[in-house]
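Q: So that we are looking at the same thing, I have put the structure below in structure tokens.
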Amino acid sequence: MATTLASGYITLLKTTLGSGILSFPYLFKTYGIFTGILLTMASGIFSVIGLVLYTICSQSLGRQATLSKLATENMPYVTILVDFCVFLKCFGVALSYLVITIHLLPSLILSAFGSSVLADPNISLLVFLMCVGPFSYFNKLDKLKYTSFCGVIAILIVTMATAYRYRYSSFIVQKKIDYFVPVSYTWLDSLGKFVFAFTCHQNIFAVQSEIEDNSPSTMRKLIYMVASTAALLYISFGILNYLLYREAIKDNILQNYPDDLLAFFVRCLYVLAMGVSYPLQVNPCRSHLMNIVSLNSKIDQNDSFIEFIATTAIIMSTYLLAISGMGLGTIYSIIGATASTFICLIFPTMLYFSMDINRSRWLTLLSYVGFVFGMFIFFTSMFSIIFNNSPPSS
């Protein structure tokens, strides 16, 4: 059954919104308000360009188009890299959802029920996965539209709660507001996080396949709506929390919230948002994992048992990494600098110029700029990550 524009909007918006929104207050602290807005808008615009390029390129295959199929037909030399990047991005985002949940859920259980065996982080996360995990086995994103809707509503309420706290809170940190922060080495650490926040490209093909009217004009309207909504929420959430906590902001803004009723409510909503978002990442993660495995074997990708095994392996792997204590900022930086940058900014341009299609002058120019922007973020972010994690010289 074909889906509506509204259903596609909700699915793609929830894929975009997720754990990345939590890093925006810290990003505004790092770059300043005006620079943070500029980088958010630039990342959003280049993300839109990438999505538009994908929808144009996918017209050659119609509703059967996927990023893997397009790469196989037009860029066979990078097919496995394409599949790996999408797999890594979706796996990393799904992992970030569990990392957030394992930090929030135990304290929520203690606040609500007191001492309990469920307050153990490992056990609470396992129970959480037992609740949301079954949705990850669905094959079509349209079946997840109701969970996506719940997730979008949760994020909207969290943003409104932030506005309420800013208006009425007595906890505002009285320190200066930075509108511009001088360029420094610390800028390199977080550039990938802006790209990470707008990466929904892995699901654009599924939405385009399932939506009733998938004409170019409809798809562009959908893309503009999703990107503008996401940018508005990111900027609002980031600035309001920055004005509240300023220099005291942590990489995960939820750790700044006081232990009051409003914070309890916000944390509950965010756990809900993470729960309904998790299957949206496992779905394409499974698909591209099976693409990678099938390149060197005779595995039937339509085998439901193989799909079950792949989904279970992804769920168990993200669980084990989440309980290992991996940091949220590390996930954002690595995935944003690598997989997200390639999916959003680099692959769309490569695909666009590898196909024999009519190209508009403006879209050609913008795709070049987006490609250069992506390569800049990739190399500078990787340099920062490697430099920061290299052992000190003796």
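Q: Which one of Val93, Asn74, Thr341 has its Cα pushed farthest toward the positive end of the charge dipole of the chain, where Lys and Arg give +1 and Asp and Glu give -1 at the Cβ?
A: Thr341
Q: Something else: What ranking, highest mean first, results for peptides 11-17, 71-77 when packing means the other Cβ atoms within 10 Å averaged over each residue?
A: So the peptides 11-17, 71-77, ranked by packing, come out 11-17, 71-77.
Q: Still on this structure, I have one more. Give me the percent relative contact order of the chain, please, defined on Cα pairs under 8 angstrom at least 6 residues apart. Walk me through the numbers on the way to the answer.
A: Numbers: 559 pairs, mean separation 148.9, N = 394.
The normalised contact order for the chain reaches 38 percent.
Q: Measuring from a point 7 Å past the Cα of Tyr368 along Cα-to-C-beta, which residues in the stretch 22-65 have an amide N at less than 14 Å?
A: none
Q: Something else: Give me the dipole magnitude in Debye, nearest 20, for the chain about the Cα centre, with unit charges on the beta carbon: positive for Lys and Arg, negative for Asp and Glu.
A: 660 debye
Q: So between Lys175 and Ala248, what do we pick up on full extension, going 0.36 nm a residue minus the alpha carbon distance?
A: Details: separation 73, 0.36 × 73 = 26.28 nm, distance 0.94 nm.
25.3 nm is the gain from fully extending Lys175 to Ala248.
Q: Which listed residue (Ile309, Ala248, Ile386) has the Cα farthest towards the positive end of the charge dipole for the chain, taking +1 on Lys and Arg C-beta and -1 on Asp and Glu C-beta about the Cα centre?
A: Comparing the listed Cα positions along the dipole, Ala248 ranks first.
Q: Expressed in nm to one decimal, what extension gain is obtained for the pair Leu156 and Ser304 from 0.36 nm per residue of sequence separation less their Cα-Cα distance?
A: Numbers: separation 148, 0.36 × 148 = 53.28 nm, distance 3.59 nm.
Going from the current span to full extension adds 49.7 nm.
Q: Can you give me the three principal axis dimensions of the stretch 305-394 from its C-alpha atoms, in Å, biggest first?
A: 52, 49, 18
Q: Let me understand the stretch 20-166 better: what is its radius of gyration from the alpha carbons, and its Dmax, in angstrom?
A: 19.8, 58
Q: Students often check this: by mean Cβ neighbours within 10 Å, which of 322-331, 346-355 ranks highest, and how do the rest follow?
A: Taking the mean over residues of other Cβ atoms within 10 Å, the ranking is 346-355, 322-331.
Q: What are the semi-axes of the equivalent ellipsoid for the stretch 168-227, taken as the square roots of 5 times the Cα gyration tensor eigenvalues, largest first, in whole Å?
A: Values: eigenvalues 292, 64, 23 Å².
Equivalent ellipsoid of the stretch 168-227: 38, 18, 11 Å, largest first.
Q: What is the pair-distance distribution P(r) of the chain, computed from all Cα-Cα distances in 10 Å bins starting at 0, with each bin given as a whole percent?
A: Spelled out per bin, shortest first, that is 5, 23, 34, 26, 10, 2, 0.
Q: Taking 0.36 nm per intervening residue step and subtracting the Cα-Cα distance, what contour gain separates Thr330 from Ser228 on full extension? Before the final figure, lay out each step's value.
A: Values: separation 102, 0.36 × 102 = 36.72 nm, distance 2.68 nm.
Value of the extension gain: 34.0 nm.
Q: Sort by residue number and report every cysteine in the chain with no other cysteine beta carbon within a distance under 4.7 Å.
A: When partners are defined as cysteine Cβ atoms under 4.7 Å apart, the chain leaves Cys57, Cys85, Cys131, Cys150, Cys200, Cys268, Cys344 without one.
Q: Amide H to amide H under 5 Å from Thr3: which residues, 5+ apart in sequence or cross-chain, H placed 1.01 Å off N in plane?
A: Close amide H contacts, sequence-distant or interchain: Ile211, Glu212.
Read-outs throughout are calculated quantities, based only on the coordinates presented, and are distinct from any laboratory measurement. Treat the numbers as computed from the prediction; the structure is a model and nothing was measured. Positions of Cβ are backbone-derived with ideal geometry, glycine not excepted, and every protein chain shown enters the neighbour counts.
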